[in-house]
Each structure stands twice: as structure tokens, then as C-alpha cells.
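The values are calculated or read from the model by the stated rules, or taken from the named source; none is laboratory data. Note that the coordinates shown come from a computational prediction; the quantities given were computed from them, not determined experimentally. A quick note on method: Cβ atoms are made from the backbone with ideal geometry, for glycine too, and the neighbour counts reach across all protein chains shown. All accessible areas refer to the heavy atoms of the entire protein, side chains included, with ligands and DNA or RNA removed. Shrake-Rupley method; radii C 1.70, N 1.55, O 1.52, S 1.80 Å.
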Amino acid sequence: MSTPLRSQYLEIKRRHPGLILLFQVGDFYETFDEDARVLARDLGVTLTRKWFGKDDVHPLAGVPVRSLESHLQKLIQMGHRVAVCDQVTLPGKGLVEREVVRIITPGTVMEPGLLRGRESNYLACLLLSGRAIGLSYADVSTGEFRTTELDLSQALAELHRIGPAELLVQKGLDFSRLEPTALSQPRPGAVTEISEAQADLSAARQALLDHFGVLSLQAYGCENLPLSTGAAGALLLYLRDTQPDALLNLTSLSSYQADRFLLLDQQTLGDLEVFGSWQGNAGPERHTSLVAAIDLTATTLGGRLLRRWLRQPLLDLPELRGRHDAIEWLLSREPLRARLRQSLNEVLDVERLLGRIRRRLAVPAEVQGLSQSLRAAAEVRASLVHHAAPAFFLDPLSPCDDLIGLIGQVLDQAAIRAGHSRELDQLRDALTGGRRFLAELEKRERQRTGIRSLKVSFNKVYGYYIEVTKPNLRLVPGDYLRKQSLAHAERFFTLELKEHESFIANARERIAELEASLYQQLCEQIGSHHERLCRLAGGLAYIDLCSALAEGAARFGYVRPELVDCEHDLSGLTITAGRHPIVEQLLPAGRFVPNDTVLCPQAPDGTQIMLLTAPNMAGKSVYLRQVALICLLAQAGCFVPATAARLPLLDRIFTRIGLADHTTRGHSSFMGEMVETAHILHHATPRSLVLLDEIGRGTATADGVSIARAVLEYLHNHPRVRALTLFATHYHELTACADYLPRVHNFHLSVREHDGRVEYLHQVKPGAAERSFGLHVAQLAGMPRPVLRRAQELLLEHQSAAQIPPAAPVSGLKPPWLRALLDLDINELSPVAALTQLYQLQQQARGPAEAAPAEPEHRLLPLQVKEGK
């Protein structure tokens, strides 16, 4: 039979399924059963046992009450959902009452200590029906709330772009349906299954209508998007059941289309190290990430906006030009930037402060922080007015003198200001007079009794008392009533002292009630200005970010890119003296070697695919990444590290760079490489940028060369693909592709040999690399000398064998081109491969003397290939 404590625990646990229940028992939060095992495993605390009766023993793990916040942070970062159950009555006779006072999930965090200031903390909801997806996400700490409807093939990339801390899904959702060709990508965020009632489309829609108090969702742009409204409504229903007060912050909903943004999947974000490495994307941003390199914002507001811009690069040319105009205006005004930065340093996180104030979680110091931020915003506005700033900077910064005055009238530091409430002032005076009364009482009683050591004191357990030492007990008057005996003294009270004690207690209780009431009234008054303050926060974030990007452009030598719509402008991509924004900051000033890039497939003899061969360690990966990062920065609205850049609006950036660890997901490295490459080939378009590094290196050389060559030909020939491509390889055999694929051109990163040493020049030049200098890299890595000598011998043997001329054809045997033609399995050839093979055989049959001209017209024929062939 369970004890009352065990029964109480089980009942509370039953009401909160799926959550770790932190159950307060005295100075500890205890967990039992499976929760205890999880806590012991993930927090490294001791797993022990607790007896609830003679034969009723259960696993136990606990953490001290005083260190709760640090443990909560770890649990939330690991994706756990936690219910904090506090003792709500004082220990005494009988069972202490307990209630769940906080439910914390990764996507509903509000506590400042559990949030990263410069990152949004999204709760997302995904509903799937056929090949359509409804996706909604919200940051309950700031009030951002968005929804969209998209195709199944876009879902996983959009989820990874958002990066939700917690993802709500229907029960039994098969994640492989979201993107069968992206098996190497991990699931986004902590996944929480919602009930059928929460996922019901009609109930979800009604929840939205009720929440906003409207009859139609037309104003929010999603009236005719049932899955979009379903996802948004399901998110609201989840919050209603777990964090109902969080709904106060969601005052508006905006719908969007995913194809308005440059699409970046998790592979690309990791390969380019936009927010961190592929392996470290769940942790804090590394110093060597793009965002760490360019983030000079002064506020958390601006920092979050920068990360949103980088996660959602635009395809909207007018809006991008507007961002570039704003940065350019500030770039030419260095004194203004310095003044703005000085004022912005005083601005706290207005969005999250406002959210906590509206949810009645903010302490008075946070309200004072809001007042400080509003005063700083007024300084920002004054500086911009003085410099005749454009309206898009000034319009959101409406003056808030009324709110600053209101906060100043009510609060003085962390307390209600004297003079704000007559009743409160009177109670405080009474309390102050009460203390004076105690001092006078002590003086009077000493005189009356003759006991010079007599004390009038107070403690929380016994209240007010008169203390007399035992040698003086004979002098105690008859009206003293005994209260407590000590080893060396006795404590007494009188009726007069008891009456005063009651008065003091009532005064303190009333003061606490009145202060709380006045403070809540202040918070409600501030909350009524929610829309104006949100707009102000958005304006401050925009000014901070534009100012920071202008400062970065001045400090690092970035320029404004010229963006063109590639559907109407076929001039391609041109970068002059481009640089890698991360690597150049890690090197001494002036050491980074800039390079040009020109990709213009429509021009005569133009380049669609740069086939880049280079020695090991020459900087191929750095060059590939810098081109992509320049394009990403430009479409995010930033200036770029180059002396000039003319760039098309890209629809996607794809990368296959480096060796990611796929073994933990059940794939070999080569399998992961092939899956990622297949994903690129299925989704790339002529408006995409594709970066491929060492395709085919994970298998035998013959297989690797064949696969790499086939991928190269597919990117060149398939009319649906033909993406702008940088293709880096160690397979020198591939350089021959430039002889029969007209839009493929060879480039290399140059080196210089001098006195047996190799100097990397890091300059991209036309033509193929001569060799890879692999032995030189092995020497730099500290390979033992005997190994290096033997490798040198084997390399010479291989080169000698390769230089032996082939035997002359024997009379009567078929020529090689004819044998190759007869060996072809026509039934297995796609149209693209057939035309490529036919052209190669024709070249062989003609021989060197009859070789076709360098640019035969038939090589430019558009190949009409049916999808899937």
C-alpha cells in the first residue's frame, strides 16, 4: 500500500505525462522511477533508492532547490520537458500540499537564464497531409508568430532553416517522408507528439479565431490555407495546455511563402559554418562561424535580427536594395555610428522584457531596465533627427516619454516610490513608527523593572518578545507572560506588546499586498502599449544591425554588391578580389589572398562549371566556401568581402564539402556523400549555386572517377539543372571533361617550387593543376621518413608505368573506338549519357588530325531529357 507522499506524487505525475516531474521534498527536488534514471544519466547525479513503505522501494535522484536553474538549463538543452512541483504550504502536521508551478519545454522557455539572448527560441508545429505540409512557429518570449504551407520536398530544409528548439508533430510521423534523399540530416529540435484533438484542423482553426477574436483569418493571409491555419492553431492549443499565459505574447500572426527566400538546408549551413560547424550546430556559436565574424551589434535585438537575415536570405530585389541603401547611408557617417553605438549599448532586450512584463514574470529591476532602454531609444532618435535620417529609420521610433514618466512616478529602484500612494505611505509611516515604539518600550521597561540588560527583540518563529537573563528573573513584573525558556534567559510578552505585534504584522501584510497591486497595475499599463513597444523594438533592432553592418564594412573593407534578377539579366556571377569573411579575420592583416570568380554560362565561351584542381592544402575548400558566403551575405542584405561583386539572385545554395560523420546515423561516409550528392542533383536549378568538393573519394578510384565524371556531365547537360557550379577534385582525369563539355573550364590554385620547397600562392588561375603534392603534405604532417622514402619510390614506379606507350594495334583487330561502341549497352543509357558517349567515340574515330573544332555547335544543343531518365 502506497504512503500518502507516494500517492500524492503519482497523482501529480498522472496529470503531467511525458514530463520530468521535479517534486520538492524539503531542500531538494526529487525524481522517481524512470524520471530518476533520466536525471541521473543526463545530469550525472547519483541514482539511489527511496522507501515509501516496508516493501515499496523506488529509484530516486534529486537536485538541490538552490541550484535548480542550472539543472533546468541542462535538461532543456537536452530536449527534455520539465514540470516543477513546489511545496505550497509550510511543513507541519499532515502532508504538505504541492502544486506544479512551472512547466518548461524547450520551445516555451521564458526565463532569461535559460535563453540565449542573440538567438530566437522557436516552438514549431508541423502537420502533414499527402504531399502538403502546414508549418507554423512562434517565439513566445518575443511574440513572433508565423505560418506557411509548403510542399513535402521543402519541409525538412525549412525546418532546419528555422531551427526550432521544440517541434510539435502528429503521432507516428515518419520523418523519412519529409525528405527521402536527405537521410544524413538530423531531426530538428526536440520532437513532441501532440494529441489527435490538438491536430484536428477544424479545432485548430477555431482556436485561432477565438484567440484573435475574429470571424475570418483573411487579415493574416491564411484564410484559404487549411494546413497552415491547422499548424498555427495546433501550436496555440499546445500552449493553452502547457503554458496558457504564454498566449498573451502572441498578439498577431503573419503568413509567408518559403519560396520568397534563398533556401539553405542544414548541410549547407553546416558546411559554410554560418552558425557553427556541422558537428557543433547544437552548441553555442563557434568563434570561427560567419555570424561570429560579422556580428558587431550592440543589442540582443540586433543580434537576433542578424541571425534571422542569415537564415532567410531574400529573393526580393527591392527589399534587398532597401537594406543595402540603409547600410550605405550609415557607412558614410562614422560620427553618427559612434553616437548610435554609445546609445544602443544602454538598450536591453525590449522584446523579451515586454513579454515578461505582460506575463507578470518581470521583477521591478526589469521594468526599470525597460525605462532605461526607452531613454536610450530617445537618444537614438535625437541623433538620427540631427543627421536628417531617412524615414524608414525614424518612423518606428515613436517617443515614449509618457511611459518613462509613468515608470518613474511608480518605481524608485525596486520599490514603489514614496508619494505615489497615500495609503502605502501611511502604512510605511506606521511601520516606521512601530519600530520607534519598540525602542521606546525597551527603554521604558528597563526603567520600570530596573533590568538594564532587558531586550525587546523579534524572530520569525516566536515573533516579538522581552528577553530577561536568569539572574534578573526576580525583578520581572507580574504582568509579564512567559513565552519561551532558554538556557540562560527567559522570554516574555505583555498584552501591549502582543497588540503591537498584531498591528505590525497586519501593516506588513497590507504593505506587501498594496505594493504587489500597484506594481501589477504598472505592468498592465505598460502592457497596453504592447504594439507601440514592439514596433520600437523592431526599429531599434534594424538601426543596430544596419549600423553594425556598416561598421563591419568600414572595418573589414566590404563593398555593396550589385544584385540582378537572373531571369532577365544573363550576365551571371562576377566577384572581383573576393575574400573568405571568416578565414581572413583569423590571419594577420593583409595575409589573405583574394581571388576573382566569373561564372557566366550564357556568354560565348562562358563558364558554368569551374573544375578546380589543386595541390593538397592549396585552399580549394576556402575558395569554394568564400564564393558561397559572398552570395549568401549579399542576399541577406549585407555588404560583401570583395572589391566588387555583381551577383544573380540565387534560389538555393547546395554544398558537398568535407567529411561529415554519418556513422551515428547508420550510413558509411561514402553512402552519406552519395545521398547528399543525389539530393543536390534532384533539386538544383539553373538559378542555384552548387559547391562540390572531392566527389567520389570515399570509394575505389575507378568508381570514384566514374561517379564524379557522371555528376559533372549531369550538371552540365541536364536542362533542368545546369546550375552554377564550383567542382573541386583531385581526380586529374576529370580535366579532360573541359575538352567536350563547352561550359566546363579548368582552373587551379597555383603553387611555386623553390629549392625543394613548395609555396602555396592561393591564387586561382585558368588551367589544370600539374600534380597534387601529396607527399609534401605528408611531410608537413610529420610522417616518418622511411614511409616518405617508400612513398616516393612507389610514386616514381607508378609514373614510369603510366608513361609506357600503348602497343600498336594488331592488324585484323577492331580499333578501340569500335570495340567501345560494340560494348555499349544501349538499353541502359540515358539520352544525356548516349549523346556524351557518341560525341567521345566520334572524336576517337576522327583521330587527332581530324579533331573537331574547339567549339562545335552540336555541343551546345539543349538536351531534352525526360524527368527520371
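Values computed for the structure shown
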{"read-out": "Verdict on Gly62 being in contact (Cβ under 8 Å) with a residue 40 or more places away in the chain and of a type outside the set (A, V, I, L, M)", "value": "no"}
{"read-out": "Condition broken by Phe592, with the remaining ones in (1) more than 30 Å from the chain's Cα centre (by Cα); (2) in a loop (DSSP other than H, G, I, E, B); (3) of a type outside the set (S, T, N, Q) satisfied", "value": "(1)"}
{"read-out": "Hey, Gln447 surrounded by fewer than 15 Cβ atoms within 10 Å (Cβ to Cβ) and within 30 Å of Gly478 (Cβ to Cβ) or not", "value": "yes"}
{"read-out": "Verdict on Asp596 being among the acidic types (Asp, Glu), open to solvent by 10 Å² or more (accessible area, probe 1.4 Å) and touching a Ser or Thr at 6+ places or on another chain (Cβ under 7 Å)", "value": "yes"}
{"read-out": "Output for the range 527-564, where each listed residue is acidic (Asp, Glu) and either under 30 Å from Ala589 (Cβ atoms) or touching a Gly at 6+ places or on another chain (Cβ under 9 Å) (or both)", "value": "Asp544, Glu551, Glu562"}
{"read-out": "Enumeration of residues in the range 516-536 that are open to solvent by 60 Å² or more (accessible area, probe 1.4 Å) and in contact with a helix residue (DSSP H, G or I) (Cβ under 7 Å, 6 or more places away or on another chain)", "value": "Gln525"}
{"read-out": "Qualifying residue in the range 680-700 (condition: more than 30 Å from Leu633 (Cβ to Cβ) and either in a helix (DSSP H, G or I) or of a type in the set (A, V, I, L, M) (or both))", "value": "yes"}
{"read-out": "Hits in the range 673-711 - residues which are among the hydroxyl-bearing types (Ser, Thr, Tyr), at pLDDT 85 or above and open to solvent by 60 Å² or more (accessible area, probe 1.4 Å)", "value": "Ser706"}
{"read-out": "Per-region count, the range 398-429, residues more than 39 Å from the chain's Cα centre (by Cα) and surrounded by fewer than 18 Cβ atoms within 10 Å (Cβ to Cβ)", "value": "11"}
{"read-out": "Failed criterion for Ile575 (all others in (1) open to solvent by less than 40 Å² (accessible area, probe 1.4 Å); (2) out of contact with any Phe, Trp or Tyr (no Cβ under 9 Å at 6 or more places or on another chain); (3) assigned to a loop (DSSP other than H, G, I, E, B) hold)", "value": "(3)"}
{"read-out": "Residue within the range 308-317 that is open to solvent by less than 60 Å² (accessible area, probe 1.4 Å), under 18 Å from Arg555 (Cβ atoms) and in contact (Cβ under 8 Å) with a residue 24 or more places away in the chain present", "value": "no"}
{"read-out": "Neighbours by Cβ (under 9 Å, 6+ apart or cross-chain): first from the range 727-755, over 22 Å from Pro601 (Cβ atoms) and in a strand (DSSP E or B); second basic (Lys, Arg) and open to solvent by 30 Å² or more (accessible area, probe 1.4 Å)", "value": "Leu749/Lys765; Ser750/Lys765"}
{"read-out": "Any hit, the range 477-492, residues being touching a Leu at 6+ places or on another chain (Cβ under 9 Å), open to solvent by 20 Å² or more (accessible area, probe 1.4 Å) and part of a helix (DSSP H, G or I)", "value": "no"}
{"read-out": "Complete set of residues in the range 13-52 that are in contact with a Phe, Trp or Tyr (Cβ under 7 Å, 6 or more places away or on another chain) and either loosely packed, with under 14 Cβ neighbours inside 10 Å or under 24 Å from Arg240 (Cα atoms) (or both)", "value": "Leu22, Phe23"}
{"read-out": "Qualifying positions in the range 199-223 - within 21 Å of Leu248 (Cβ to Cβ), hydrophobic (A, V, I, L, M, F, W, C) and without any contact (Cβ under 8 Å) to a residue 12 or more places away in the chain", "value": "Leu209, Val214, Ala219"}
{"read-out": "Any hit, the range 383-397, residues being part of a helix (DSSP H, G or I), in contact with a Phe, Trp or Tyr (Cβ under 9 Å, 6 or more places away or on another chain) and open to solvent by less than 80 Å² (accessible area, probe 1.4 Å)", "value": "yes"}
